[in-house]
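Input: a single structure, listed below in structure tokens.
The values are calculated or read from the model by the stated rules, or taken from the named source; none is laboratory data. From a predicted model like this one, the values you see are computed outputs, not experimental measurements. Glycine gets a Cβ as well: all are built from the backbone with ideal geometry, and neighbour counts include every protein chain shown.
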Amino acid sequence: MKTFMKILYWVIGIVLVLVLISFLLPKTYKVERSITIKSGAGVVYSLTGNFEQWHQWVPWTKELDSTAVFEMKGPAGQVGTSWSWTGKKMGEGVMTATELVPGQMVAYDLAFDHGKYKSKGKIVIERQGDSCKTSWIDEGDLGYNPMGRFMGLFMGKMMGPDFEKGLAKLKKVAEARAGWPKIEEISINQHLALMIRDSAGPKTYGQVMSKAYGELMNYVKTNKLTPIGAPFATYLKYDTVTMFSVMDLGISVEKAGKGKGRIRVETIPLQKAVVAHYFGAYEKTANTYHILNQYIKENGKEIAGSPSEFYITEPMTEKDTAKWETSIIFPIK
């Protein structure tokens, strides 16, 4: 009995010492990892400021936990938007965007196990010439729980490797996208458009399109219509081998009658779309189409119609093809 009591006193004493030591340990923790990415701040921010893009680079995906179920609430890339998950390996958690500074910083609140464990995280983007120093930081308050205080000593070893993996993948994805054009997701309001359907091949695009736009502009002037935006071409069919296409050449207008001859009036419905802002010669747009297809696939969208090109720059007044701007648009759902 005496031996048992001695052991008990020793155990109690050790526990008391550990408790006392815990109160001498830091009450907070901070885990930080950084990497240099050879890319513009806008590219890095596009991958971090929108939770829908995080699956491109974070290590916590279905590859890690096939049972994981993810849910996004709120508009993408906005303060208040949350990204939650549940899974056998990953457990239950939710991230909520708290502050967004385009090109500079993304801040969020992080909670695990239904709010039992909380912390604050942020990604800081600092421009350094043609590169960006990108830092991933997580900070938390350990409170007065002795066990929590001791756990704080190991947070760097527990979280650091995942941060390093995520930043390495972010670097790979961002640097691959450094040459991408600016891409946006937009909504196109319902409107009217004057259209001419025609077809052309590599040697006849210029002639066919110039003739159609000439007819359309003459119709606009004759009928005193008000054009909206740039002239466009919707590519209904395109042969990647022969580069032959069937297209609707059009101009959007505020109001219109019934059309005349081969000019018809169409109502363009309300639709969501992805647009890439391309600069360069018209015959070199193919890579931008590939990029848009990749963007749509990676973001879980589906193409919902034929692509269109809006010709923002007037080539007759701007001779430098590198300055020709074309908005390439895919309707999506």
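Give the number of residues within segment 284-306 that are free of Cβ contacts under 8 Å to residues at least 12 places away in the same chain and either under 19 Å from Met247 (Cα atoms) or of a type in the set (Val, Ile, Thr) (or both).
Residues meeting the conditions: 2.
May I ask you to list the residues in segment 244-278 that are touching an Asp or Glu at 6+ places or on another chain (Cβ under 9 Å) and crowded, with 17+ Cβ neighbours inside 10 Å?
Of everything in segment 244-278, those that are touching an Asp or Glu at 6+ places or on another chain (Cβ under 9 Å) and crowded, with 17+ Cβ neighbours inside 10 Å turn out to be Ser245, Met247, Asp248, Leu249, Gly250, Ile263, Ala273, Val274, Val275, Ala276, Tyr278.
Looking at segment 240-268, I want the residues that are touching a residue at least 60 places away in the same chain (Cβ under 8 Å) and have a partner that is outside any loop (DSSP other than H, G, I, E, B) and aromatic (Phe, Trp, Tyr) with Cβ atoms under 7 Å, at least 6 apart or on another chain. Which pairs are those?
As it stands, the answer is Ile263/Tyr219, since those pairs meet every condition given.
Applying the selection to segment 227-239, what residues are on the phi < 0 side of the Ramachandran plot and either modelled with pLDDT of 95 or more or in a strand (DSSP E or B) (or both)?
Pro227, Ile228, Ala230, Pro231, Phe232, Ala233, Thr234, Tyr235, Leu236, Lys237, Tyr238
Looking at (1) out of contact with any Leu (no Cβ under 6 Å at 6 or more places or on another chain); (2) closer than 22 Å to Glu283 by Cβ; (3) in a helix (DSSP H, G or I), can you tell me which one Ala212 breaks?
Tallying (1) out of contact with any Leu (no Cβ under 6 Å at 6 or more places or on another chain); (2) closer than 22 Å to Glu283 by Cβ; (3) in a helix (DSSP H, G or I), Ala212 fails exactly one: (1).
From the list Phe112, Phe163, exactly one residue is of a type in the set (A, V, I, L, M, F, W, C), under 20 Å from Thr36 (Cβ atoms) and modelled with pLDDT under 95. Which is it?
Being of a type in the set (A, V, I, L, M, F, W, C), under 20 Å from Thr36 (Cβ atoms) and modelled with pLDDT under 95 holds for just one of Phe112, Phe163, which is Phe163.
List every residue pair whose Cβ atoms lie under 6 Å apart, where the two residues are 6 or more positions apart in sequence or sit on different chains, the first residue falls within segment 120-133 and is under 12 Å from Arg33 (Cβ atoms), and the second residue, located anywhere, is acidic (Asp, Glu) and part of a strand (DSSP E or B).
As it stands, the answer is Gly121/Asp138; Lys133/Glu126, since those pairs meet every condition given.
How about segment 170-224: which of its residues are of a type in the set (Gly, Ala, Ser), farther than 21 Å from Ala276 by Cβ and loosely packed, with under 14 Cβ neighbours inside 10 Å?
Ser199, Gly201, Gly206, Ser210, Gly214
Filter the strands (runs of 3 or more DSSP E) completely within segment 37-151 down to those with at least 3 residues that are buried (at least 17 other Cβ atoms within 10 Å of the Cβ) and not assigned by TED's automatic domain parsing to the domain that holds Tyr295.
Result: 82-87, 91-101, 105-112, 117-128, 131-141.
Since Ile329 meets every condition but one in (1) over 23 Å from Asp198 (Cβ atoms); (2) under 30 Å from the mean Cα position of the chain (by Cα); (3) not in a helix (DSSP H, G or I), which condition does it not meet?
Here Ile329 clears every test but (1).
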